[in-house]
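The values are calculated or read from the model by the stated rules, or taken from the named source; none is laboratory data. Worth saying up front: this structure is predicted, and the values here are computed from it rather than measured. Because the Cβ atoms are built from the backbone with ideal geometry, glycine has one as well, and the counts that use them run over all protein chains shown. Accessible surface areas use protein heavy atoms only, side chains included; no ligands, DNA or RNA. Shrake-Rupley method; radii C 1.70, N 1.55, O 1.52, S 1.80 Å.
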Amino acid sequence: GTSTILYNGSTLVSNAVIGGRRFGLGGLKGGLINFFTCKLSSPSDTRLVVSKYSGSSARAYNDDYAPNGGDWSWGASSRIKRDFTGDEVEYVFLCAYSPGSTGTCDVYMANENSNVHGTNYSEFPLLKADDAIKAAPSSGVYNCISWSGGITSSWSWPPSAYSTYNCANTSNYSDITCFDNFYANNPVRYPGAWNYTRTGATAANATVDVWKLGITYTHGSVRKPGNNHPHGYDWESKPGGLTRTFHPRNALTNTSWGYGAVSDYYKSTGTFARTAGVTKAIESDADAVAAGLAVFENAKLSSPAQQKLNSLVKKTERTVEGRLNDLYKAWDATKAANAVYSDPAMYCNNAEFDALAAYAKQHPREAMIFCFDKFVNTGDHLIGELMWTLTKTQYGHLLQEVKKERAEKPNDEQGRYKVHGDHDNGVLYVEKILGAFELEQAVVVNDEVKITVSPNPVSDGLIVQVVTTKTSKISVNIISAQTRMTKLMQTETTFGAGTHRFTTSIQGFAGNNGDIIAVQVMIDGVLKTVKVLVAK
């Protein structure tokens, strides 16, 4: 209601609007925790009291918080930051004093401090410990881009080859266009997801900030009302696999390394992804699933593919497998130092990864199988970078098939939208590669030479791989049974011992469906022929 406040018999304020509310925490809370108000409607002012009991025993009080080493100006907002260990509290009293009118504010209770700040992470020299407040626990399941789009079920990095939003699937594809696709629901993130656009977006009206260091995109942050979430006193970030954290807008800036600075802005269009059964905006992917509109895909290999992978792992030469494991463990130990990043490629810029990649290139087949196992069976999404390097030339078209099939059938049998992340696409990609393994034809010339031709059937590019244990003269020629055209893939050349890969396009070379290509490989005067079907 309203009240006239007297001080020593004299009127201090007439008809002041006074309000208050008590909140229960659902149990005693202790440790170093924060209670605060923010987003006050002018000219509101707040006061906070925390207590152990519902009716008395106040333990702490604040009117206007004075920063303790932080940069954020709290103004008329209230904040209690105290260690309540041994003196736990359960109730919060919020009082509002607004002489002109009633007002509104956001209230946060029992938030811990975040460990993401400059003292602990040199990537963020401007973020003060007093300003870093924890919003949610650390998690390797989702990252900054996911959270800025309302997703907590999967890791998203739109420029990644595995991402649904990188439609071209190549490093030449514009990174920002990939982000545009993600935020514009092209395709849908989840039913009811908010639509965002860069068109007309400015620093003043943006809901999502995208960050860049030099020419490289690094991070995404979000503020109220993005996805209809409050997002703290200013902005919120989910740095890589670390703690979700409230922070001042530009506090993560670092022009030397880390995230760089904000480079692009996205604003809400006021619309949302309209899929079957969706009539309103929905806050998160979890809410869409709870409403029966979506389902988390959690892609897994089919039983035959899983059995095939397990069999291939067992057949891997023990010495090679052991060395791959040793190099992998050394690289795996470096990941924690890069945990602020969401781009999987950022985890691969070190000597340990370079050593693993170099050895993998010497043993590509064994390394592929090793990567499949780590990616699928242990859930290591970051090994996907090496997996893509090893597979893209020979099998990259299969990842495009995964995305095309997903676009053609986005829902499950019950009509629910399949919410998925980059990892899900990667698992389905592995499934297709394992299927292609079954179709590949290998010819063993002798104990010293092995020839592999793939894919079979072929629709676009043909790959001939020759493995030799000694220096050999090699030439490769192909002939179309229908067109009778011939193409010299490789003139006779002396190659050292190792794996040699030759590629060519069959566009304009092969005939119509049903054509057969004869691949003729001459090794030290010995001719071997492998026949390949042309795909329908």
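If the Cβ limit is 7 Å and pairs must be 6+ apart or interchain, which residue in segment 290-319 that is among the β-branched types (Val, Ile, Thr) pairs with which residue that is in a strand (DSSP E or B)?
295/418; 295/419
Could you grab me the full set of residues in segment 234-280 that are small (Gly, Ala, Ser) and in contact with a Ser or Thr (Cβ under 8 Å, 6 or more places away or on another chain)?
Here is the first cut: in segment 234-280, the ones small (Gly, Ala, Ser) are 237, 240-241, 251, 256, 258, 260-261, 263, 268, 270, 273, 276-277.
Result: 237, 240, 241, 258, 260, 261, 268.
Among the residues of segment 46-64 satisfying the criterion of being among the hydroxyl-bearing types (Ser, Thr, Tyr) and assigned to a strand (DSSP E or B), which is surrounded by the most Cβ atoms within 10 Å (Cβ to Cβ)?
Per the criteria, the residue is 46.
Considering only segment 407-416, I want to know if a residue exists there that is modelled with pLDDT of 85 or more, touching a Ser or Thr at 6+ places or on another chain (Cβ under 6 Å) and more than 25 Å from residue 147 (Cα to Cα). Spell out how you get there, then give the answer.
Taking segment 407-416 as the starting set, the residues that turn out to be modelled with pLDDT of 85 or more are 407-416.
Applying the additional criterion that residues be touching a Ser or Thr at 6+ places or on another chain (Cβ under 6 Å) yields none.
So far as segment 407-416 goes, no, none of its residues is modelled with pLDDT of 85 or more, touching a Ser or Thr at 6+ places or on another chain (Cβ under 6 Å) and more than 25 Å from residue 147 (Cα to Cα).
Out of the residues in segment 219-241 that are of a type in the set (Ser, Thr, Tyr) and in contact with a helix residue (DSSP H, G or I) (Cβ under 8 Å, 6 or more places away or on another chain), state the one that is nearest to residue 115 (Cα to Cα).
First, pick out the residues of segment 219-241 that are of a type in the set (Ser, Thr, Tyr): 221, 233, 237.
Those left that are additionally in contact with a helix residue (DSSP H, G or I) (Cβ under 8 Å, 6 or more places away or on another chain): 221, 237.
Working: 221: 17, 237: 13 Å.
For segment 219-241, the residue satisfying everything is 237.
Could you list, in sequence order, the residues of segment 73-88 that are open to solvent by 50 Å² or more (accessible area, probe 1.4 Å) and in a loop (DSSP other than H, G, I, E, B)?
Within segment 73-88, 73, 85, 86, 88 qualify.
This table checks each residue for (1) of a type in the set (D, E, K, R); (2) free of Cβ contacts under 8 Å to residues at least 40 places away in the same chain; (3) open to solvent by 40 Å² or more (accessible area, probe 1.4 Å).
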| residue | (1), (2), (3) |
| --- | --- |
| 475 | no, no, no |
| 484 | yes, yes, yes |
| 488 | no, yes, yes |
| 494 | no, yes, yes |
| 508 | no, yes, yes |
| 517 | no, no, no |
| 525 | no, no, yes |
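Working carefully through the options 167, 178, find the one that is under 15 Å from the mean Cα position of the chain (by Cα), closer than 19 Å to residue 421 by Cα and surrounded by fewer than 24 Cβ atoms within 10 Å (Cβ to Cβ). Break it down into steps so the answer makes sense when it comes.
Numbers: 167 fails: under 15 Å from the mean Cα position of the chain (by Cα).
Residue meeting the stated conditions: 178.
Out of 464, 443, I need the residue that is modelled with pLDDT under 95 and buried (at least 20 other Cβ atoms within 10 Å of the Cβ). Which one? It would help to see each step written out before you state the result.
On the way: 443 fails: buried (at least 20 other Cβ atoms within 10 Å of the Cβ).
Matching residue, one of 464, 443: 464.
Select, from 482, 465, 490, the only residue that is assigned to a strand (DSSP E or B) and over 40 Å from the mean Cα position of the chain (by Cα). Before the answer, list the steps.
Details: 482 fails: assigned to a strand (DSSP E or B); 465 fails: over 40 Å from the mean Cα position of the chain (by Cα).
That would be 490, the only listed residue that is assigned to a strand (DSSP E or B) and over 40 Å from the mean Cα position of the chain (by Cα).
Find the residue count for segment 89-130, including only residues that are surrounded by fewer than 19 Cβ atoms within 10 Å (Cβ to Cβ), at pLDDT below 95 and in contact with a Gly (Cβ under 6 Å, 6 or more places away or on another chain).
Within segment 89-130, residues that are surrounded by fewer than 19 Cβ atoms within 10 Å (Cβ to Cβ), at pLDDT below 95 and in contact with a Gly (Cβ under 6 Å, 6 or more places away or on another chain) number 1.
What residue, among those in segment 298-330 that are assigned to a helix (DSSP H, G or I) and of a type in the set (S, T, N, Q), is most open to solvent (accessible area, probe 1.4 Å)?
Looking at residues that are assigned to a helix (DSSP H, G or I) and of a type in the set (S, T, N, Q), I get 307.
Taking residue 405 as meeting all but one of (1) open to solvent by 20 Å² or more (accessible area, probe 1.4 Å); (2) closer than 15 Å to residue 328 by Cα; (3) charged (D, E, K, R), write down the number of the exception.
Every condition holds for residue 405 apart from (2).
Out of segment 365-394, which residues are open to solvent by 10 Å² or more (accessible area, probe 1.4 Å), of a type in the set (S, T, N, Q) and not in a loop (DSSP other than H, G, I, E, B)?
377, 389, 393, 394
Is segment 112-120 home to any residue that is part of a strand (DSSP E or B) and within 22 Å of residue 21 (Cα to Cα)?
no
Filtering segment 23-40 down to residues that are closer than 21 Å to residue 103 by Cβ and either without any contact (Cβ under 8 Å) to a residue 60 or more places away in the chain or touching a Leu at 6+ places or on another chain (Cβ under 8 Å) (or both), which residue is surrounded by the fewest Cβ atoms within 10 Å (Cβ to Cβ)?
Per the criteria, the residue is 23.
How do the pairs read when you match residues in segment 337-360 that are closer than 18 Å to residue 212 by Cβ with residues anywhere that are of a type in the set (A, V, I, L, M, F, W, C) and outside any loop (DSSP other than H, G, I, E, B), using Cβ under 8 Å and keeping only pairs 6 or more apart or on different chains?
Here the result reads 338/346; 342/144; 342/145; 344/382, each pair linking segment 337-360 to a residue that is of a type in the set (A, V, I, L, M, F, W, C) and outside any loop (DSSP other than H, G, I, E, B).
Inside segment 201-297, counting only strands (runs of 3 or more DSSP E) that do not spill past its ends, which hold 1 or more residues that are open to solvent by 10 Å² or more (accessible area, probe 1.4 Å) and out of contact with any Cys (no Cβ under 8 Å at 6 or more places or on another chain)? Before the answer, list the steps.
On the way: elements: 208-213, 216-222, 235-237, 244-247, 261-272, 294-296.
In segment 201-297, 208-213, 216-222, 244-247, 261-272, 294-296 are the strands (runs of 3 or more DSSP E) which contain 1 or more residues that are open to solvent by 10 Å² or more (accessible area, probe 1.4 Å) and out of contact with any Cys (no Cβ under 8 Å at 6 or more places or on another chain).
(1) in contact with a Cys (Cβ under 6 Å, 6 or more places away or on another chain); (2) more than 24 Å from residue 144 (Cα to Cα): which one isn't true of residue 342, the others all being true?
(2)
Here is a check on your reading of the model: is residue 83 acidic (Asp, Glu), within 26 Å of residue 129 (Cα to Cα), modelled with pLDDT under 95 and in contact with a strand residue (DSSP E or B) (Cβ under 9 Å, 6 or more places away or on another chain)?
Judged against the criteria, residue 83 is not a match.
Quick check, is residue 181 at pLDDT 95 or above, out of contact with any Leu (no Cβ under 7 Å at 6 or more places or on another chain) and at positive phi? Reasoning before the result, please.
Numbers: at pLDDT 95 or above: yes; out of contact with any Leu (no Cβ under 7 Å at 6 or more places or on another chain): yes; at positive phi: no.
Answer is no for this residue.
Okay, residues lined up against (1) at pLDDT 95 or above; (2) open to solvent by less than 20 Å² (accessible area, probe 1.4 Å); (3) more than 19 Å from residue 291 (Cα to Cα):
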site	(1), (2), (3)
151	yes, yes, no
155	yes, no, yes
171	no, no, yes
191	yes, yes, no
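Among 43, 67, which is touching a residue at least 40 places away in the same chain (Cβ under 8 Å), surrounded by 11 or more Cβ atoms within 10 Å (Cβ to Cβ), assigned to a loop (DSSP other than H, G, I, E, B) and touching a Phe, Trp or Tyr at 6+ places or on another chain (Cβ under 8 Å)?
67
Residues being among the β-branched types (Val, Ile, Thr) and part of a helix (DSSP H, G or I): count how many of those fall in segment 338-364.
0
Would you tally the residues in segment 282-320 being closer than 30 Å to residue 366 by Cα and of a type in the set (Asp, Glu)? Don't jump to the end; show me each part of the working.
First pass over segment 282-320, keeping only residues closer than 30 Å to residue 366 by Cα: 297-320.
Narrowing the set further to residues that are of a type in the set (Asp, Glu) leaves 297, 317.
The qualifying residues number 2.
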